[in-house]
Each structure stands twice: as C-alpha cells, then as structure tokens.
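The values are calculated or read from the model by the stated rules, or taken from the named source; none is laboratory data. Keep in mind that this is a model prediction, so the values were computed, not measured. Cβ coordinates were reconstructed from backbone atoms using ideal geometry, including for glycine residues, and neighbour counts include every protein chain displayed. Ligands, DNA and RNA are excluded from the accessible area calculation, which covers all protein heavy atoms including side chains. Shrake-Rupley method; radii C 1.70, N 1.55, O 1.52, S 1.80 Å.
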Amino acid sequence: MTTKQKRALVRILCAAVLLLAVSFVPLQGVWQALLFLIPYFVIGWDVLWKSLRNIAHGQVFDENFLMALATVGAFGVGEYREAVAVMLFYQVGELFENIAVGKSRKSIASLMDIRPDSATVLRGGEAVTVSPEEVELSETLLIKPGERIPLDCVITKGTTTVNTAALTGESLPQDKGVSDTLVSGSVNLSGVVEARVKSLYAESTVARILELVENASEKKARSEAFITRFARYYTPAVVIAAVLLAAVPPLFFHQPFTEWLTRALTFLVISCPCALVVSVPLSFFGGIGAASKIGVLIKGANDLESLANVGTVVFDKTGTLTQGKFTVTAIHSDVMPPEALLDIAAVAESYSNHPIAACIVKAHGGHIDKSRISEIHEHAGLGVEASIDGHTILAGNGKLMDASGVKWRPCHKPGTIVHIASDGAYMGHIVISDVVKPDAAEAVRALKVAGVEKTVMLTGDDEKVAYAVAKTLGIDEVHAKLLPEGKVQRVEALLSEKMSKKTLAFVGDGVNDAPVLSRADVGIAMGAMGSDAAIEAADVVLMDDKPVKLARAVRIARKTMRIVRENIVFSLLVKAVVLVLGALGLANMWLAVFADVGVLVLAILNAVRTLRVTK
C-alpha cells in the first residue's frame with residue numbers, strides 16, 4: 001500500500017470513529033448538525049473542493065458534483081448521519097479503486113524496470129559511463145555481470161548467460177557468445193562481454209516496448225468508448241431527473257417538499273456511474289497487464305477486444321510454426337552405415353556456401369579432412385561433384401542424379417533431399433527439413449480448445465512439405481507456394497469469406513510479414529524480440545518464439561471481455577432497479593450507498609480478477 005493510500009485509510013478510520021462518537025452525543029438541532037460536520041469535512045473536504053474547482057473550469061457533471069450535491073442536500077433535510085455515511089463509503093470505494101489501479105499499474109510497471117539507467121562505452125581505450133541516449137552506432141559497450149543491457153548489440157568478445165524474463169516472461173537463461181545478438185532490457189548474468197551497438201536508443205527494443213506500453217491506454221475498445229459516451233450524457237440526465245423529482249410533485253401535486261427532496265437526493269446517490277466508469281477501463285488495463293506478465297504485449301484495449309473475438313487464426317509457417325532453421329532430420333543409407341554416408345556428404349559439401357551444404361557440415365560436427373578432395377565442381381541448382389579418395393562423388397538433387405545416369409529412389413519424408421552417389425552407384429540420401437517448434441502442436445490444440453473456429457497455414461514451401469507440417473500440427477487449411485503478395489491476397493480472401501462477426505488473426509515472424517500483419521483484423525508478431533518491423537506492424541507482440549503463448553493471450557483477452565460484460569450488466573441492472581425504488585420512495589440513503597459504493601467495490605473486485613494469470 002502506498003503512502004497516499006495509507007493516508008486515505010487513516011482518514012477513513014478517523015471519520016468512522018468520529019461518526020460513531022457523535023452519534024451517541026445527545027444534541028439536537030443546529031448543535032447536532034455542527035457535530036456531524038466534523039466527520040463530514042474530515043472525510044469529504046477533497047470531494048467538495050474538486051467539485052467546486054471543476055465547476056469553475058466548466059466541468060460540472062461528474063461524480064464529485066453528484067456526491068457533493070447529494071450529501072449537502074442530505075444535511076439540508078436533516079439526514080446528517082446518512083450524509084456522512086455516503087461520503088465515508090464513497091471514499092472507501094475510492095480507496096479500493098486506487099489499490100486496484102495500483103495493482104494493474106504494477107503489473108505493467110514491472111516492464112518499466114527494463115529501462116537501462118546507463119551504458120558503459122569503450123572510448124579511447126577507457127570505459128566511460130554515459131546515458132544510453134548518448135551512445136552512437138557501432139560503438140563498443142562493456143557489459144558486466146548483473147548489469148542491464150542498455151542497447152541492442154552484437155557480442156564481439158566474451159561469453160555470458162542472459163536473462164530475458166522481463167521481455168519474454170520466461171525465466172530460463174540463454175547462453176550467448178561471439179556474433180550473438182543481445183537485446184536491450186535483458187540482464188547480463190555471468191560473464192564480462194564487449195558488444196557492438198547495432199541501433200540507437202530511440203530505435204532499440206526497450207524504447208519501442210516502453211512506448212508501446214505507455215500508449216496502450218490511449219487505444220480504447222468499443223466497450224470502453226461506449227461507457228465514456230454513456231457517462232457523458234447519463235450524468236446530466238440523472239441530475240435533471242432528480243431536479244424534476246424534487247420539484248414537480250410539490251409544485252403540481254401539493255406533495256411535501258422535504259419528502260420529495262430526500263427522494264431526489266437518494267436518487268442522485270444511486271445514479272453515480274462510478275462502477276462503470278472505473279471498472280471497465282480497469283478491466284482492460286488489468287488484462288493488458290496480465291498479458292505482459294507472460295511476455296505478450298497488447299497495444300491497446302481495442303486490440304485486446306479484437307483478440308478476444310478471434311475466430312480464424314492464420315499462421316505463416318517458417319519461423320512461426322517451424323524454427324526457420326534447416327537441419328538434417330534423416331539419413332537413409334543403402335550400402336554403408338549412416339555415419340559414413342554423412343561423412344562423405346560433409347566432405348563433398350565442405351567448400352560450398354549453400355545453406356543446405358552448411359546444414360550437412362553442421363550435422364557432421366566433427367573434423368573434416370579437406371585434403372581428401374583432389375577436385376570439386378559445383379553445379380548451380382543441382383549440387384556438387386567432387387573427387388574424394390580417388391572416387392567421383394555426387395551430392396545433390398534428383399536432376400543431378402538423372403544428368404549423371406544414376407538410378408536413385410525418392411524419399412517418403414518431406415523436405416529437401418540430397419542424394420549421394422559414388423562412381424555412378426547410388427549410396428543413399430540425406431533429408432534436410434525445417435523442424436517444427438516443440439510447442440506448435442500444443443498451441444494449435446489450445447487455440448481450438450479456446451474456441452477458435454479455424455486454423456490456416458500459409459507458406460512459400462511446396463505442397464508436400466506444407467501438408468506434412470499441417471498434418472503434424474492439426475492445421476485445418478493449407479495454402480502453399482505463396483509469394484509475399486500471395487499471402488496478402490489469401491488473407492483478404494479469408495476476410496471476405498468470414499460469415500460471422502468473429503475476427504481474423506494473422507501470426508507471422510514480424511520481419512517479412514509486415515504487409516499481412518497490417519491487413520488482418522489482428523496482426524500478431526511471433527518471436528519479435530529485437531524486431532523493429534514486428535513491433536511497428538503488429539497489434540499484438542509475442543516477445544519469444546513460443547506459439548503456445550498465443551492461446552494463453554486469447555484466454556486472457558476472453559476472460560477480460562467476460563469480466564467487462566459482467567460489470568456492465570451487473571452495474572446497470574442494480575442501478576436501474578434501485579433508481580426505480582428510489583423514485584418511488586422505497587429506497588433510503590443506505591440502499592443508495594450500496595447501489596453506488598457497494599456496486600463500485602464489487603465491480604472493482606471483479607475487475608481485479610483480470611490480473612490473475614493461470615497456466
């Protein structure tokens with residue numbers, strides 16, 4: 001609890017004790033009113049001051065005005081105890097609101113801890129401590145254990161372990177070495193490293209994230225905008241209704257003025273729209289904060305609302321559902337052990353710069369004796385031909401085998417197939433493919449459990465590979481051999497096919513998919529830590545490479561919207577019933593207090609549930 005909240009609590013307790021004390025003092029008339037004014041001013045002086053200040057600035061119809069008018073009026077008709085009680089319970093509601101907002105802000109403010117205070121730069125052979133904003137591109141940073149990484153940079157010297165929990169929500173440290181990228185906002189845990197700056201502070205990951213979080217409250221959801229418009233017209237309407245309630249019966253129907261004035265004052269207390277005005281924005285704020293705890297950044301309340309309503313999720317394949325890194329996934333040898341076949345292929349490919357060749361060399365992992373090669377020739381688009389240990393070795397695709405008259409056999413596994421032949425005899429083949437992410441299948445299943453109607457995968461790969469990945473993951477619909485513009489066209493076609501009011505989300509790696517991310521109802525950038533394009537183009541940013549977090553984000557969004565609807569329905573229903581009772585004279589000030597402060601507290605407690613993050 002903050003110092004301000006503690007002071008508010010002390011004031012509430014003092015006012016409650018004073019109210020209880022003066023209630024037992026046997027005085028009547030003016031002296032009784034003066035006694036009750038003591039606890040009234042203790043608990044309500046700030047509300048009266050805000051009301052007068054707002055009136056002076058032309059902002060008449062707000063909750064402070066309603067509270068001041070109702071309680072001063074209650075004093076005017078002799079309901080001293082009720083007047084103090086209304087103000088007292090109103091301040092209790094305000095305290096609950098402040099505590100709840102504080103919790104919501106704390107969940108997001110934890111992100112603010114990623115802001116680096118300083119950076120150590122090597123200049124002229126000396127370590128100089130400066131503000132991160134003063135560091136130039138390509139300068140060398142010196143980062144010691146325990147320090148927060150101030151800027152996006154690439155390690156040039158040393159190895160370390162890095163904690164990215166503040167960005168990704170994952171506590172498992174990552175090992176980093178020379179040529180690896182360090183992302184601003186993460187924490188250096190173990191070694192001393194030197195790193196070359198690759199972006200200025202204003203363009204760094206940490207700066208973009210902080211800007212995103214700070215501006216999140218500006219993008220209001222439809223529900224939030226409705227409540228704002230509703231309160232703007234509702235408050236003056238109920239004040240006019242209260243005036244009519246106090247004036248019409250006595251003037252035209254000869255009813256007792258005091259009785260109808262009391263009804264009007266009770267009506268005002270009941271009508272205060274605090275529960276809606278406070279709980280709905282608080283719910284969205286809490287939902288955005290809960291998502292940030294798991295490393296999911298939602299740019300605004302409107303994006304959270306769209307995410308909650310998602311019916312179709314479209315995935316890019318490479319880098320989103322798969323790791324985006326080719327690797328050897330199978331070795332099918334006909335005449336020798338698989339290790340021997342891989343050894344021959346690695347020697348043959350050792351001089352090639354092709355990514356496929358690099359995969360084979362990496363899979364070999366051992367020492368490659370290039371002296372075994374006496375001659376080598378690379379056939380563009382086909383493979384390589386090399387003379388190894390006196391034998392002519394071919395390593396390439398089926399076309400290379402056909403051109404050399406080698407009888408080869410196809411492979412049942414999807415992927416890029418590298419066939420190996422020696423002196424015209426077929427020896428087997430190596431399968432290279434993009435590996436599916438470990439939690440991709442779980443992510444698709446979790447989305448369907450969460451209520452997503454259809455999952456679609458778009459890829460530039462051939463159909464055999466695409467359908468194999470889709471079958472493994474349980475994807476409903478596949479579109480292969482797509483160029484970037486083809487992906488945009490396919491998303492537009494899916495948007496036009498939508499029959500329901502559900503939204504369409506596109507999930508991409510954020511680098512090559514910016515046009516599609518912008519075109520979808522909800523653009524979701526996957527594994528976007530350090531990607532400027534992702535943070536700019538997407539509505540929702542998943543800071544690591546775990547697609548399963550998307551399902552968790554959808555559940556958080558839907559839970560938030562459910563709580564928003566609960567608060568709207570509950571608040572309006574209670575208000576409507578008690579307003580009618582108040583107008584008929586069947587509700588006293590105490591019931592009015594429940595309809596105002598009681599509903600506010602219950603709505604706030606319900607809204608705070610958005611902060612709970614469960615697996």
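Laid out as a table, the results:
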item: Within segment 476-500, tally of residues that are touching a residue at least 40 places away in the same chain (Cβ under 8 Å), assigned to a loop (DSSP other than H, G, I, E, B) and either among the hydroxyl-bearing types (S, T, Y) or crowded, with 18+ Cβ neighbours inside 10 Å (or both); result: 1
item: Helices (runs of 4 or more DSSP H) enclosed by segment 342-458 - at least 1 residues per element that are over 48 Å from the mean Cα position of the chain (by Cα) and either closer than 30 Å to D544 by Cα or modelled with pLDDT of 90 or more (or both); result: 398-403
item: Near pairs, Cβ below 7 angstrom, 6+ apart or cross-chain, from segment 435-458 (closer than 24 Å to E492 by Cβ) to any residue that is among the small types (G, A, S) and part of a loop (DSSP other than H, G, I, E, B); result: V444/G474
item: Condition broken by L517, with the remaining ones in (1) at pLDDT below 90; (2) within 13 Å of the chain's Cα centre (by Cα); (3) more than 17 Å from A440 (Cβ to Cβ) satisfied; result: (2)
item: Single match in V335, V314 (criterion: in contact with a Ser or Thr (Cβ under 9 Å, 6 or more places away or on another chain), part of a strand (DSSP E or B), in contact (Cβ under 8 Å) with a residue 60 or more places away in the chain and at negative phi); result: V314
item: Residue in segment 194-209 that is in a strand (DSSP E or B), open to solvent by 70 Å² or more (accessible area, probe 1.4 Å), modelled with pLDDT of 90 or more and out of contact with any His (no Cβ under 9 Å at 6 or more places or on another chain) present; result: yes
item: Every pair of residues 6+ apart whose Cβ atoms lie under 6 Å, when the first sits in segment 555-574 and is among the basic types (K, R) while the second is in a helix (DSSP H, G or I); result: R558/A308
item: Segment 377-409 - residue that is open to solvent by 70 Å² or more (accessible area, probe 1.4 Å) and of a type in the set (A, V, I, L, M) and, of those, farthest from A425 (Cα to Cα); result: A380
